[in-house]
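> One structure follows; several queries about it will come next.
The values are calculated or read from the model by the stated rules, or taken from the named source; none is laboratory data. Computed from a predicted model, the values in this text were never measured in an experiment. Quick reminder, even Gly has a Cβ in these numbers, built from the backbone with ideal geometry, and neighbours come from all protein chains shown. Note: areas computed on protein heavy atoms with side chains; ligands, DNA, RNA excluded. Shrake-Rupley method; radii C 1.70, N 1.55, O 1.52, S 1.80 Å.
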Amino acid sequence: MFQLHLIPPEYQEFWNLFKYLNPSDSVVWWEAGICNISNKKYKPVFCSDTSVKITLTEFSKENTYYSNYYSIFPYQYYLVFKTQSGDIRYINKVEQLISFIGVVDNLPEALFLAHMYGYANKHGRKFGSFCYNNGVVTFNLYKILHPPDVLEDNKKLVKSKIKVDAKGNVYEFTSKINPKWRKLTVKDMYGH
């Protein structure tokens, strides 16, 4: 039997997880944040090195991404990074974050991926635990049912078992007639 551990407090906030991501070795700098395309304002929530100054292209739907699960209307999200070769690249689809992360080698990265699919832990609740075994993190989390309410309505919380492997695959345990692990797809990231 695997020992369950509560998710540490420093991993409770989704936006705090960015500072624990370890992108591939080809990434030398990166920044993530929120932007409002209509008024051309943006706010960084994490920067890997604030001493590096990069002139960002004006944000648009072509260089930002959206996720139904952690959206704050009318905002988009951005993640821009610089490679060793000096290329500046932008994530423009939420599913590209998986390839940006690369190998999932720590708890915050696994939790970050679970969040991308609409699973989260609620502050002050014990149903926010995990265990680690052979490169796979298994979580007991809550499913966000009505994005973007982010678990504010306590009457609509659904407990779920999720696992994330080192390749970034995320699975949900289905407990219907034939219980099994179902691999989540891109459609699951958008709340369909």
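> Quick test of your reading of the structure: Ala110 fulfils all but one of (1) at pLDDT 95 or above; (2) surrounded by fewer than 19 Cβ atoms within 10 Å (Cβ to Cβ). Name the failing condition by number.
Among (1) at pLDDT 95 or above; (2) surrounded by fewer than 19 Cβ atoms within 10 Å (Cβ to Cβ), Ala110 violates only (2).
> I'd like to check something: does the stretch 65-88 contain any residue that is in contact with a Cys (Cβ under 7 Å, 6 or more places away or on another chain), of a type in the set (Phe, Trp, Tyr) and touching a residue at least 40 places away in the same chain (Cβ under 8 Å)?
Yes.
> Sticking with this structure for a sec: Just the residues that are among the charged types (D, E, K, R) and either assigned to a strand (DSSP E or B) or in contact with a strand residue (DSSP E or B) (Cβ under 8 Å, 6 or more places away or on another chain) (or both), please, taken from the stretch 28-57.
Answer for the stretch 28-57, where residues must be among the charged types (D, E, K, R) and either assigned to a strand (DSSP E or B) or in contact with a strand residue (DSSP E or B) (Cβ under 8 Å, 6 or more places away or on another chain) (or both): Glu31, Lys41, Lys43, Asp49.
> Is it the case, given these coordinates, that Ser60 is open to solvent by less than 50 Å² (accessible area, probe 1.4 Å) and part of a loop (DSSP other than H, G, I, E, B)?
yes
> I'm trying to understand the selection: among the residues of the stretch 80-107, which are assigned to a strand (DSSP E or B), surrounded by fewer than 19 Cβ atoms within 10 Å (Cβ to Cβ) and among the charged types (D, E, K, R)?
Answer for the stretch 80-107, where residues must be assigned to a strand (DSSP E or B), surrounded by fewer than 19 Cβ atoms within 10 Å (Cβ to Cβ) and among the charged types (D, E, K, R): just Arg89.
> Scan the stretch 128-139 and report the pairs whose first residue is open to solvent by less than 20 Å² (accessible area, probe 1.4 Å) and whose second residue is among the β-branched types (Val, Ile, Thr), with Cβ atoms within less than 6 Å and a gap of 6+ or a chain change.
Every condition considered, the pairs that remain are Gly128/Ile7; Cys131/Thr138; Val137/Val164; Phe139/Ile162.
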